[in-house]
Amino acid sequence: MTPITFYIPCLFGLEALVGDELRRLHLKDIRVENGHVLCCGTVADVARLNLNLRCGERVLVVLGAFTASSFDALFEQTKALPWENWIPRDGAFPVKGYSLDSTLHSVPDCQKIIKKAVATRLGAKYGTGQLPETGAKYQIQFGMMNDRTALFLDTSGAGLHKRGYRAVGVRAPLRETLAAAMVTLARFRGKDPFCDPFCGSGTIAIEAALIAKNRAPGLDRSFDAQKWKTVPGESWMDAAEEAMDQEYDGNYDIWGGDSDPKAIAIARSNAEKAGVEDLVRFEVADATAFSRSSDYGQLVTNPPYGERLLEQEEAGRLYRAFGQAAAALPEKWRVYILSSHPEFEACYGSLAAKKRKLYNGMIKCDLFMYYR
Ligand SMILES: C[S@@+](CC[C@H](N)C(=O)[O-])C[C@H]1O[C@@H](n2cnc3c(N)ncnc32)[C@H](O)[C@@H]1O
């Protein structure tokens with residue numbers, strides 16, 4: 001099988017975790033870089049990666065990379081790539097991308113040139129001047145930085161954080177990929193009691209249940225490449241079978257609490273959609289009165305940050321009250337809190353043993369890790 005280079009974009013701070021996931025999936029030549037991870041695999045890995053990755057944002061196939069500082073160079077080098085290996089005669093191939101610190105800085109112009117170059121190549125290969133673009137979608141992505149252009153095909157479609165279980169219109173939800181990363185960084189495997197006392201729509205607890213069960217996060221959604229002729233139908237079935245064979249049955253102690261009854265109703269409904277309603281308990285509860293009698297456990301949470309000054313003061317008071325509750329937990333509890341609040345540790349009442357910089361969308365946060 002012809003080797004394929006994959007490019008997995010991810011949230012800043014999650015690159016090493018994505019690298020670990022790729023290693024566990026036995027991909028080759030893994031290169032962890034800023035904001036993405038590269039690796040080599042086969043066409044069967046298109047399905048395996050989309051179904052299994054918890055922390056990556058999407059799965060792109062690298063078509064080529066070159067230096068171009070003129071539209072002519074961009075056109076010719078794009079046209080020289082073997083697009084027909086992927087895109088059939090009726091394939092739709094929209095183009096999107098970005099340009100940073102490059103001579104060709106107009107994104108719409110670059111989009112037009114790339115589109116024209118691919119159409120010229122495919123038209124010549126299929127012997128037609130008119131490509132209908134009525135078939136499956138082959139989203140072309142380009143990334144330009146310092147005149148270096150990379151061209152990709154997006155196999156995922158909707159981002160991998162869209163697992164398919166989350167209700168729309170939830171306030172300040174956490175990306176599923178970031179929630180999975182927090183659970184992974186807490187080294188939760190399903191054995192210890194697990195709590196999120198500011199659970200909102202339940203994302204962290206649901207991702208914890210999926211991790212405990214070793215359930216592949218992409219099993220309940222579809223991907224653009226499922227309609228591609230180049231990725232055989234069996235590879236999706238084989239990947240799904242392989243993933244389901246590795247699921248565990250077990251009883252887990254996973255709990256989510258929130259003071260807002262509406263959030264709890266949404267969390268319960270999301271857990272049901274994710275198929276983990278029997279593994280997670282959600283309750284209306286005040287985090288400032290949080291307590292547990294079990295000797296050990298993991299608490300992973302994403303409390304309100306307070307974006308504006310007044311709200312920041314309010315968030316500070318909440319952290320103080322919650323910090324006192326957390327300090328009363330038995331000694332072997334480990335606590336992981338994601339916050340962008342500039343005074344988090346001072347408000348919470350103790351310095352974290354470790355901190356890790358993570359991005360919740362555009363918001364720069366720290367994951368404060370406490371273990372005594
Ligand atoms: C940033 S949101 C959590 C979002 C969640 N991670 C998700 O993915 O949907 C913070 C949550 O804390 C809840 N909250 C605020 N004060 C609380 C308190 N004293 N006790 C429990 N929950 C509280 C809010 O209702 C809100 O749902």
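Any read-out appearing in this document is the output of simple, stated calculations on the displayed coordinates, not a laboratory observation. Source: prediction; values computed, not measured. Cβ sites come from the backbone with ideal geometry, for glycine too, and all protein chains shown count toward neighbours.
Explain nothing, just compute: Karplus ³J(HN,Hα) = 6.51 cos²θ - 1.76 cosθ + 1.60, θ = phi - 60°, for every residue of segment 59-74 in order, whole Hz, x for Gly and Pro.
For segment 59-74, the Karplus curve yields 10, 10, 9, 7, 8, x, 8, 7, 9, 9, 10, 9, 5, 4, 5, 5 Hz.
Tabulate in residue order the Karplus-calculated ³J(HN,Hα) for segment 97-104, using 6.51 cos²θ - 1.76 cosθ + 1.60 with θ = phi - 60°, rounded to whole Hz; enter x for Gly and Pro.
Couplings: x, 9, 9, 10, 6, 10, 4, 7 Hz.
Roughly how many nanometres apart are two label points built 7 Å out from the Cα toward the Cβ at SER291 and ARG320?
That separation, rounded to one decimal, is 2.2 nm.
Can you tell me the length gained on complete extension of the stretch SER70 to ASP29, counting 0.36 nm per residue apart and subtracting the Cα distance?
Result: 11.6 nm gained on full extension.
Under a point spin-label approximation (7 Å from Cα along Cα-to-Cβ), what is the ASP90-GLU241 distance to one decimal in nm?
A separation of 2.9 nm, rounded to one decimal place.
Report Rg (one decimal) and Dmax (nearest whole number) for segment 152-244, counting Cα atoms only, units Å.
Expressed in Å, the Cα Rg and Dmax of segment 152-244 come to 15.1, 46.
To make sure I understand, if each residue's beta carbon is the centre and we count other beta carbons within 10 Å, what order do ILE4, ILE140, ILE206 fall in, fewest to most?
The most exposed by this proxy come first: ILE4, ILE140, ILE206.
For the chain, find the longest principal axis of its Cα atoms and tell me its angle to the long axis of helix 203-213, 0 to 90°, nearest 10.
Orientation of helix 203-213: about 80 degrees from the principal axis.
For segment 90-174, with only Lys/Arg (+1) and Asp/Glu (-1) charged at the beta-carbon, what is the dipole magnitude about the Cα centre, in debye rounded to 20?
Around 300 debye, computed over segment 90-174.
Please state, to two decimals, what the Cα-based radius of gyration of segment 1-78 comes to when divided by 2.2 N^0.38 Å (N = residues).
Relative to the rule-of-thumb radius for its length, segment 1-78 sits at 1.20.
Please state, to two decimals, what the Cα-based radius of gyration of segment 307-366 comes to when divided by 2.2 N^0.38 Å (N = residues).
In units of the globular-protein estimate, segment 307-366 measures up at 1.16.
For the cross-link pairs LYS28/LYS125; LYS115/LYS273; LYS162/LYS213; LYS96/LYS273; LYS115/LYS229, which exceed 28 Å when the distance is taken from alpha carbon to alpha carbon?
Exceeds cut-off: LYS28/LYS125; LYS115/LYS273; LYS96/LYS273.
Put +1 on the Cβ of every Lys and Arg and -1 on every Asp and Glu Cβ in the chain; which of GLY64, ASN50, ALA274 then has its Cα farthest towards the positive end of the dipole?
GLY64
Less than 10 Å Cβ to Cβ from GLU176, Lys/Arg counted +1 and Asp/Glu -1: what total charge do the surrounding residues give?
Net of charged neighbours comes to +4.
Using the Cα centre of segment 265-337 as the reference point, and only Cβ charges (+1 on K/R, -1 on D/E), how large is the resulting charge dipole? Debye, rounded to the nearest 20.
Roughly 140 debye, rounded to the nearest 20.
Assign unit charges at the C-beta atoms only (+1 for Lys and Arg, -1 for Asp and Glu), then state the dipole size of the chain relative to its Cα centre in Debye, rounded to the nearest 20.
460 debye
Take the alpha-carbon centre of segment 40-105, take the same for segment 199-262, and report the distance between them in whole Å.
27 Å
Going by how many other Cβ atoms sit within 10 Å of their own, how do SER156, SER294 line up, fewest first?
SER294, SER156
With all distinct Cα pairs included, what does the Kirkwood hydrodynamic radius of segment 226-354 come out to in Å, to one decimal, could you say?
Hydrodynamic radius (Kirkwood, Cα pairs) of segment 226-354 is 17.8 Å.
Between 0 and 90 degrees, rounded to the nearest ten: what's the tilt of helix 309-327 against the longest Cα principal axis of the chain?
60 degrees
Relative to the compact globular guide of 2.2 N^0.38 Å, what is the alpha carbon radius of gyration of segment 19-63, as a ratio?
Dividing the Cα Rg of segment 19-63 by 2.2 N^0.38 Å gives 1.02.
Using the charge dipole of segment 134-195 (Lys, Arg: +1 at Cβ; Asp, Glu: -1 at Cβ; taken about the Cα centre), state which of TYR138, ALA180, LEU151 has its Cα farthest towards the positive end.
Checked the options; the winner is ALA180.
Kirkwood hydrodynamic radius, the chain, all distinct C-alpha pairs: what's the number in Å?
The answer is 22.3 Å.
Cut-off 10 angstrom, C-alpha nodes, Gaussian network model of the chain. Which of ALA65, ALA47, ALA216 fluctuates the most?
For the chain, modelled as a Gaussian network with Cα springs under 10 Å, the answer is ALA65.
Can you give me the angle between helix 233-245 and the longest principal axis of the chain, using Cα atoms only, in degrees from 0 to 90, rounded to the nearest 10?
Relative to the chain, helix 233-245 is tipped by roughly 20 degrees.
Among the DSSP beta bridges whose two residues both lie in the chain, what percent are antiparallel, rounded to the nearest 5?
Percentage antiparallel, nearest 5: 65.
Mind checking which of LEU74, ALA239, ALA346 is farthest towards the positive end of the chain's charge dipole, using Cβ charges of +1 (Lys, Arg) and -1 (Asp, Glu) about the Cα centre?
LEU74
From the phi of every residue in segment 269-276, what ³J(HN,Hα) in whole Hz does the Karplus formula 6.51 cos²θ - 1.76 cosθ + 1.60 yield, where θ is phi - 60° and glycine or proline is x?
Per residue, the Karplus-derived 3J(HN,Hα) values read 5, 5, 4, 5, 4, 7, x, 10 Hz.
Counting only Cα atoms, I'd like the Rg/Rh figure for segment 26-119, Kirkwood definition for Rh.
Result: Rg/Rh = 0.99.
Radius of gyration and Dmax for segment 72-216's Cα atoms, expressed in Å?
Rg then Dmax for segment 72-216, in Å: 21.1, 63.
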